[in-house]
Amino acid sequence: MTDRPSILIINGPNLNMLGQREPAIYGRDTLADIEAASRTKAAELGLDVDFLQSNAEGELVDWAQNASKSHAGIIINAGGYTHTSVALLDALTVSELPVVEVHLSNIFRREEFRHHSYISRAASGVICGFGLKGYLLALDAMAQLIRPD
Ligand code: CA2
């Protein structure tokens with residue numbers, strides 16, 4: 001435990017596969033690379049991070065529901081549940097925490113079904129299309145949300 005605010009970074013289904021398939025869409029960075037870069041960036045911003053991944057929708061819901069007990073904000077790449085999950089939207093809303101939504105790919109350049117995100121209604125902002133860098137931009141945005149100048 002530290003006095004630094006802690007940010008929960010939640011990753012959804014199939015993001016554990018990063019770096020192994022579809023590099024043209026998602027790049028060559030693995031989720032471990034993204035975690036390491038996020039930890040370095042968070043330390044520069046004076047933040048702690050918990051970095052989680054699950055393929056199970058209910059687990060993502062549980063993490064979002066409980067986040068306000070231990071965290072100051074949520075950064076989430078909900079993977080495919082972005083486009084399907086009212087339950088995740090409800091859990092993020094219930095948390096009453098600042099939320100930044102991230103996608104590695106530019107979902108608006110892709111199939112029509114990826115253009116709609118259920119969870120965006122709970123988010124202060126959305127970052128997509130910048131790969132690993134998007135997580136670092138999300139941390140910058142989160143630092144601003146929890147500690148405005
Ligand atoms: O661009 C993103 O970050 C996404 O959230 C990634 C999801 C996709 O369903 C969303 O529409 C956009 C997919 C997660 C990663 O899936 C992989 C599949 C095969 C190999 C590597 C990753």
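Each of Asn66, Met17, His115 was scored by the projection of its Cα onto the charge dipole of region 6-146, and the greatest displacement toward the positive side belongs to His115; charges sit on the C-beta of Lys, Arg, Asp and Glu. The residues packed around Ser6, meaning those with a beta-carbon under 15 Å from its beta-carbon, carry a net charge of +1 if Lys and Arg are +1 and Asp and Glu are -1. Each Lys or Arg adds one and each Asp or Glu takes one away; over the other residues whose Cβ falls under 15 Å from the Cβ of Ser105, this sums to +1.
Which residue fluctuates most in the GNM of the chain (Cα springs below 10 Å): Ala87, Ala67, Ala138? Evaluated over the chain, the most mobile residue of the options is Ala87.
In a reduced charge model with +1 at each Lys and Arg Cβ and -1 at each Asp and Glu Cβ, region 9-149 shows a dipole moment near 300 debye about its Cα centre.
Using the Cα atoms of region 6-146 to build a convex hull, what is its mean projected area in square nanometres?
Averaged projected hull area, Cα only: 7.2 nm².
Loop-located GluC sites (Glu not before Pro) in region 34-108 (DSSP state not H, G, I, E or B) with no more than 13 neighbouring Cβ atoms inside 10 Å: Glu96. For the chain, the relative contact order comes to 26 percent (Cα pairs under 8 Å, sequence separation of at least 6). GNM on the chain, alpha-carbon springs under 10 angstrom: the most fluctuating residue among Pro13, Pro98, Pro23 is Pro23. Taken about its Cα centre, region 62-135 carries a charge dipole of roughly 240 debye when the Cβ of each Lys and Arg holds +1 and the Cβ of each Asp and Glu holds -1. Of the trypsin sites (Lys or Arg not before Pro) found in region 20-73, those that fall in a DSSP loop while having at most 13 other beta-carbon atoms within 10 Å are Arg21, Arg28. Annotation: Val102 carries an accessible surface of approximately 0 Å², with a 1.4 Å probe and no ligand, DNA or RNA atoms counted.
The values are calculated or read from the model by the stated rules, or taken from the named source; none is laboratory data. No experiment lies behind these values; they were computed from the predicted model shown. Positions of Cβ are backbone-derived with ideal geometry, glycine not excepted, and every protein chain shown enters the neighbour counts. When the accessible area is computed, the model is the full protein with side chains, heavy atoms only, and any ligands, DNA or RNA have been set aside. Shrake-Rupley method; radii C 1.70, N 1.55, O 1.52, S 1.80 Å.
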